[in-house]
2 protein chains.
Amino acid sequence: MSKQNEHKLLIFALGGVGEIGKNMYVVEYGDDIVIIDAGLKYPEEDMLGIDIVIPDITYLEENKERIRGIVVTHGHEDHIGALPYVLKRIKAPIFATKLTLGLIESKLKEANLLHQVKRVLIHKKSKIKLGCFTLTFFKTNHSIPDSVGVCIDTPEGRVVHTGDFKFDYTPINDEHADIGRMAEIGEQGVLALLSDSTNAERPGYTRSEKEVGRAIVDQFFKAKGRIIVATFASNIHRIQNVFDAALETNRKVAIVGRHVSEVVRIARELGYLYAPDHLLIDIDEMNRLPAHKVCILSAGSQGEPISALTRMAKSSHKQVDIIPGDTVIFAATPIPGNEKLVSRTIDQLFRAGAHVVYGLEGVHVSGHGSQEELKLMLNLMKPKYFIPIHGEYRMLRQHGKLAEATGVPSGNIFLIENGDIVEFHKGKARLGGKVPAGHVLIDGLGVGDVGNIVLRDRKLLSQDGILIVVVTLSKETGSVISGPDIISRGFVYVRESEELMDEAIQLVMTTLEHCQNVQTHDWSTLKTHIRDALSRFLYEQTRRRPMILPIIMEA
Amino acid sequence: MSKQNEHKLLIFALGGVGEIGKNMYVVEYGDDIVIIDAGLKYPEEDMLGIDIVIPDITYLEENKERIRGIVVTHGHEDHIGALPYVLKRIKAPIFATKLTLGLIESKLKEANLLHQVKRVLIHKKSKIKLGCFTLTFFKTNHSIPDSVGVCIDTPEGRVVHTGDFKFDYTPINDEHADIGRMAEIGEQGVLALLSDSTNAERPGYTRSEKEVGRAIVDQFFKAKGRIIVATFASNIHRIQNVFDAALETNRKVAIVGRHVSEVVRIARELGYLYAPDHLLIDIDEMNRLPAHKVCILSAGSQGEPISALTRMAKSSHKQVDIIPGDTVIFAATPIPGNEKLVSRTIDQLFRAGAHVVYGLEGVHVSGHGSQEELKLMLNLMKPKYFIPIHGEYRMLRQHGKLAEATGVPSGNIFLIENGDIVEFHKGKARLGGKVPAGHVLIDGLGVGDVGNIVLRDRKLLSQDGILIVVVTLSKETGSVISGPDIISRGFVYVRESEELMDEAIQLVMTTLEHCQNVQTHDWSTLKTHIRDALSRFLYEQTRRRPMILPIIMEA
């Protein structure tokens, strides 16, 4: 950062705006940088073969020595999932509440990073000095306990980041949001508010998790056979609702799925999930109980092809098969993009004889506030400037409109893209340039080694397959020693296309002969000729465009 | 069909149950077969590179001489789209109403089939004898005019197929459904009802298209700049609403997109769409008008990457760019699976400066009846047996429950899969075996030449790419003459992975040497060794599993 910025406050996102996922926000002043969250995102459908996506942290790597800490607002993957990758590249202490820290530590352990990273426990009275910044926190409601918003006092004024939130006036375990503290922060004056835009398109209020609890109990009372509940592993309030329903209706709970088990273990250990020991049983015990005494808690609420629930539905799960009389409750809604997978799993469950509870039966509510709640937050904070975050572009835009309606002047609302810097100087804000920001794709062990060229090739290969032409030519004369051979994958049924392949080989021969006549030894020109001729021929014959790969061996 | 079936009535689906799309139903008695509809379906996301999907008509091809006709209920692609393919393989006259026939004829013309196919125009008083069957028709409401249900009197009793329907009591152009005739059919006694299940999961009633008309006019009055309306090309009522709104607000309409233009041309010619000549202008004329005088009607309501609207949003359309002040109205909802594409297009439109009207603003209603309407149909028809059709499995199931609630005994409800035969004999129905049924995939010019192996390869290729190992070996000695060379596509960035590739080549060399020592000239064993060694090595190094293709050339 150049000298001239030393006395300016900079705020930008490395991930989380213009998208849902990989949240990472940066607040910077002079020599001090504070990071809020470091999340992952699941790949878009055009990111073929990619496992997860994390933010590009080039800027942070280049400014390592100025990073004072990473504050984490809550324990969901889109806020903590990139930590193992980020902490391999930069050194910074982590600040988080108890449950959040527990979930982060489990991640760091798996990545062999636990002992290298300093972790600081925060609670609602914490006041943390990081360079020129003073950080305090306020409790919020969200679909995981111990979620907080962050208030950062900077030399330019106060910045508030809400984290993910809703206002739940009847929360699970009486974990009320700290509205009083929010009001106090607002009364003292907020320069800039960064607020969760996930549900900015939804009118009204988001319902209370307590209502879901009642709906789940109702389903438990109705079910005659076994009950299988699918939900997000990280929705601990929902899991508490399931445990409570099981206790109330005298069922035992067996947990299926490594990730859910791990989250339940951590949350119980830390006191965020109440389940007496006798409630939880393992699968083997379950098989010895009558059906009406059993509840199975499972991952797979998104219809993921390899999840426990999907495998149960297809009868390919090692331990649990769906049997007629089972009730399967989807206590989650499909994330956009997963609708078809979820529908397919529901269909398979029905076919297997289960009664499936899904859709609008009250067994799910969002963890994010709707328009009235977003306006309440704006009313509490009364910010001078507003930056909607955590949302796709149209959500940010709707949130901006809500802010305008509550009195923020439209010129004070910044709809930013990842990397856009909002610069604050002497009480005035403006867009001030860009830092590098983008996707880093993770495929297997590779971090960032799959980029646009590789993805473009995967896309091409997935559409019409590949056709490989191999020929061995004499180094001296250029005459054909062996081949040409043609091998294809993902193009046509080879057995039914012999004629086509024969003609293609003939065409390659003709091309080779022609090139020999003009005495070219330039293999790359020769390859281009072969590729062009074959491409034209195959498109005419099939209207397909497989990738064509001519390989010339010299002997 | 064997002798014993000669005096039984058979009903089955070749497409349309357990799925949305490729509707094709068959009614058969003795020597007579009648087909209802011949639709296409768009590929599922795992059908990589596939353009469209049509039903497997093996059974029809094997029983060609018994086919008496194809009745088409309405002109949507999922009911007429497979006709050009089907009519290349079987010969049968087509029976359809005026608009439906118009749309079919446009398709047949394109496929050079128009003069080979006999077409018979039907209207609401038509009574058609096809072998032992007598067919009559009843008008329904749907999102395209001239939709009908079919009543087939058979020696075993009356079969009714509803086609796609809703009950719209205030339809566009006063095209009321023929409820009186439906009641009459029901009073006379219905053996089996086949009814549209698309919205069987939705409680209540589907709203009237007339309400959409009012909502669209409201948006037209509000808009200050140009208006762009995206809808389904085939939703002629919706297009009428747009034309009416343009007339009322003094705008001209320019149509963008070949398919929409063609549908509008046919519907206007046949009198199903009212638009005075002065209303419609071309794009060049549009550019000469002030923004508030312009409405653009466009395809692309599903966010299809190559559609006109998506290209406009990305500024890659040849004739129309989105400009700030434009209002874009999505007068359609995303088809399940398209949600993300649509959201992305909306985001791009917002970014380009447009005001976008989407989601719950009343500018779209479904063309299919909700639960109360489905129950009304059941009450009108009072069938003895019920076969829910046109829906995914859970929709059929919900529809079955509705039928049960209206009084059809649960044992008389058949939830069938494509190919399942429901057999009627002396007033009793039972499941009676199967005919071949499935997907035929169309990729370019190929019909059915892409199957599971090709798709599996495309899937593999799309995940981690391909790695090709080529080596030329001496025919006599088996020693290496040239290579091994390794070429990869869609696997890793080659430039950043030189070391990995060098190690891989070393590994192939070692494997070759080892095999030479044991004097094997069995290339297929050698290939297996290379593949296994490389696969293990690459997985250890990258956690990826590219397709590995060893090629051995002999010289």
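Some notes on this structure:
- Residue within region B:358-380 that is over 21 Å from B:Gly16 (Cβ atoms), touching a residue at least 60 places away in the same chain (Cβ under 8 Å) and of a type in the set (Gly, Ala, Ser) present: yes
- In summary, A:Leu48 fulfils each of the numbered conditions (1) under 14 Å from the mean Cα position of the chain (by Cα); (2) at pLDDT below 95 with the single exception of condition (1).
- Figure legend. Inter-residue proximity from region A:284-310: first residues farther than 13 Å from A:Val256 by Cβ, second residues outside any strand (DSSP E or B) and among the charged types (D, E, K, R), beta-carbon distance below 6 Å, spacing 6+ or different chains. Indicated pairs: A:Ala291/A:Arg226; A:Lys293/A:Arg251.
- Test: residue in region A:33-40 that is in contact with a His (Cβ under 6 Å, 6 or more places away or on another chain), at pLDDT 95 or above, among the aliphatic types (A, V, I, L, M) and in the same structural domain as A:Gly131 (by TED's automatic domain parsing): yes
- Scanning region B:541-554 for residues that are at the interface with another protein chain (Cβ under 9 Å from one of its Cβ atoms) and within 19 Å of B:Met509 (Cα to Cα) gives B:Gln541, B:Leu549, B:Ile551, B:Met553, B:Glu554.
- Residue within region B:514-523 that is farther than 29 Å from A:Glu45 by Cβ, open to solvent by 30 Å² or more (accessible area, probe 1.4 Å) and among the β-branched types (Val, Ile, Thr) present: yes
- Some residue of region B:511-526 being modelled with pLDDT of 90 or more and part of a loop (DSSP other than H, G, I, E, B): no
- Top-ranked residue in region A:446-484 [being of a type outside the set (Ser, Thr, Tyr), assigned to a strand (DSSP E or B) and at the interface with chain B (Cβ under 7 Å from one of its Cβ atoms); ranked as surrounded by the most Cβ atoms within 10 Å (Cβ to Cβ)]: A:Ile466
- All conditions in (1) closer than 30 Å to A:Asp347 by Cβ; (2) of a type in the set (Phe, Trp, Tyr); (3) at the interface with chain A (Cβ under 7 Å from one of its Cβ atoms) hold for B:Phe424, with the sole exception of (3).
- Residues located in region B:350-371, provided they are within 9 Å of chain A (Cβ to nearest Cβ), outside any loop (DSSP other than H, G, I, E, B) and under 27 Å from B:Ile172 (Cβ atoms): B:Val356
- Tally of residues being open to solvent by less than 30 Å² (accessible area, probe 1.4 Å) and within 22 Å of B:Arg66 (Cβ to Cβ) across region B:94-116: 4
- Tally of residues being within 14 Å of another protein chain (Cβ to nearest Cβ) and touching a helix residue (DSSP H, G or I) at 6+ places or on another chain (Cβ under 7 Å) across region A:331-340: 4
- So A:Glu503, is it part of a helix (DSSP H, G or I) and within 13 Å of chain B (Cβ to nearest Cβ): no
Listed here are the residues, each with its yes/no results for (1) in the same structural domain as A:Lys222 (by TED's automatic domain parsing); (2) within 26 Å of the chain's Cα centre (by Cα); (3) surrounded by fewer than 24 Cβ atoms within 10 Å (Cβ to Cβ); (4) of a type outside the set (Gly, Ala, Ser).
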residue: A:Asp321; (1), (2), (3), (4): yes, no, yes, yes
residue: A:Asn338; (1), (2), (3), (4): yes, yes, yes, yes
residue: A:Thr345; (1), (2), (3), (4): yes, yes, no, yes
residue: A:Phe350; (1), (2), (3), (4): yes, no, yes, yes
residue: A:Gln371; (1), (2), (3), (4): no, yes, yes, yes
residue: A:Leu376; (1), (2), (3), (4): no, no, yes, yes
residue: A:Met381; (1), (2), (3), (4): no, no, no, yes
residue: A:Pro388; (1), (2), (3), (4): no, yes, no, yes
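- Taking the criterion of being within 14 Å of chain B (Cβ to nearest Cβ) and among the polar types (S, T, N, Q), the only residue of region A:372-403 that qualifies is A:Gln398.
- Test: residue in region A:433-444 that is touching a strand residue (DSSP E or B) at 6+ places or on another chain (Cβ under 7 Å), farther than 30 Å from A:Glu28 by Cβ and within 14 Å of chain B (Cβ to nearest Cβ): no
- Taking (1) free of Cβ contacts under 8 Å to residues at least 12 places away in the same chain; (2) closer than 21 Å to A:Gly448 by Cα; (3) outside the structural domain of B:Ile530 (by TED's automatic domain parsing) in turn, B:Val454 satisfies each apart from (2).
- Single match in B:Asp78, B:Asp32, B:Asp46 (criterion: over 20 Å from B:Leu194 (Cβ atoms), open to solvent by 10 Å² or more (accessible area, probe 1.4 Å) and charged (D, E, K, R)): B:Asp46
- Any hit, region B:103-110, residues being outside the structural domain of B:Thr231 (by TED's automatic domain parsing) and assigned to a loop (DSSP other than H, G, I, E, B): no
- Selection from region A:402-445 of residues that are among the charged types (D, E, K, R) and assigned to a loop (DSSP other than H, G, I, E, B): A:Glu417, A:Lys426
- From the options B:Ser147, B:Ser126, residue that is among the small types (Gly, Ala, Ser), in the same structural domain as B:Lys91 (by TED's automatic domain parsing) and surrounded by fewer than 16 Cβ atoms within 10 Å (Cβ to Cβ): B:Ser126
- Any chance B:Ala230 is within 24 Å of B:Val357 (Cα to Cα), small (Gly, Ala, Ser), away from chain A (no Cβ under 14 Å) and touching a Cys at 6+ places or on another chain (Cβ under 9 Å): no
The values are calculated or read from the model by the stated rules, or taken from the named source; none is laboratory data. Model, not experiment: these values are computed from the prediction. Ideal geometry is used to build each Cβ from the backbone, glycine not excepted, and the neighbour counts take in all protein chains shown. For accessibility, only protein heavy atoms count, side chains too; no ligands or nucleic acids. Shrake-Rupley method; radii C 1.70, N 1.55, O 1.52, S 1.80 Å.
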